[in-house]
Amino acid sequence: MHKENLADRLIQISDSDDERIKDFLSVRERDLVKRNNLFIAEGRVVLNVALNSDRFDIISVLVTQNRLASIEPLLMEANQKAIIYVASQTVMDKIAGFHIHRGILAIGRKRPAPDMPSIMSSLPENALIVALQGISNHDNIGSIFRNAAAFGADYVFLDETCCDPLYRKAIRVSVGATLKVPFLQDGTIEHILASLQAAHFEVLALSPSGTLNIYEVSRAPRRVLLLGTEGEGLPPHLLQSLTTARIPIAPDFDSLNVATACGIALSCQGKFR
């Protein structure tokens with residue numbers, strides 16, 4: 001990509017009501033995820049992940065004038081040719097509805113996801129999977145994906161009751177990991193587990209009442225770490241039918257945050273132990 005071609009894609013924006021940047025308006029209140037698979041990415045690190053992903057397309061970028069130079073190399077090296085809107089910090093803040101201290105926003109679109117059979121056939125012989133049921137907090141989703149990226153999980157499966165990993169806050173908390181670690185959100189947790197077990201994955205369900213000590217569980221070539229929503233945890237019928245593990249904690253304390261529990265479990269069962 002030549003620098004002069006990048007210059008051809010720069011569009012100066014001086015009015016927050018400009019029709020061309022309508023998708024960036026009031027990003028705090030608008031959840032683009034449920035509309036045409038669009039999402040908002042914030043900051044240079046997240047933008048870099050998105051531009052280098054084969055699962056997403058960056059459609060447009062809104063950047064402050066003083067941050068443009070910092071992302072020019074990313075935009076020049078990327079195969080994607082997003083439209084680049086440039087505005088002052090004041091105009092950008094008016095567009096977004098709050099102060100964007102990173103000075104970089106991007107509109108991305110998720111490409112069609114492969115179906116479950118295709119995913120199963122593409123997973124390596126030795127694979128580590130995270131499966132999630134009922135995780136409705138965007139901070140937890142983002143942190144879980146960050147852990148999954150750090151410890152080398154190959155895929156994340158989410159049931160239909162989980163919140164969307166492409167929600168703006170989830171992407172930000174994950175530091176772009178929801179754009180890095182491949183995932184599929186589809187159907188019930190029972191359907192997801194059945195598909196994984198049919199592909200010879202061993203499922204380990206995490207619960208404070210788990211039978212096994214997580215630190216004593218041997219690693220399996222094909223392992224699924226299953227986590228449920230905070231509070232209620234995993235449904236009893238799953239705990240009764242699966243191998244369960246607990247993370248030992250102080251006897252006078254209730255439980256760990258689900259993202260923290262995920263990180264500990266991944267560190268025990270992950271590839272970099």
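Quick notes
- Considering the range 163-273, the qualifying strands (runs of 3 or more DSSP E), each wholly inside and each with 2 or more residues that are surrounded by fewer than 19 Cβ atoms within 10 Å (Cβ to Cβ) and either within 18 Å of the chain's Cα centre (by Cα) or not β-branched (Val, Ile, Thr) (or both), run over 183-185.
- From Phe145, Phe151, residue being under 18 Å from the mean Cα position of the chain (by Cα), closer than 15 Å to Gly270 by Cα and in contact (Cβ under 8 Å) with a residue 40 or more places away in the chain: Phe151
- Some residue of the range 123-135 being assigned by TED's automatic domain parsing to the domain that holds Pro235 and farther than 19 Å from Ala199 by Cβ: yes
- Subset of the range 68-81 that is in contact with a helix residue (DSSP H, G or I) (Cβ under 7 Å, 6 or more places away or on another chain) and closer than 24 Å to Arg111 by Cα - its residue that is surrounded by the most Cβ atoms within 10 Å (Cβ to Cβ): Leu75
- Which numbered condition Glu190 misses (of (1) more than 19 Å from Val46 (Cβ to Cβ); (2) among the charged types (D, E, K, R); (3) touching a helix residue (DSSP H, G or I) at 6+ places or on another chain (Cβ under 7 Å)): (3)
The values are calculated or read from the model by the stated rules, or taken from the named source; none is laboratory data. Treat the numbers as computed from the prediction; the structure is a model and nothing was measured. Note: ideal-geometry Cβ built from the backbone for every residue, glycine included; neighbour counts use all protein chains shown.
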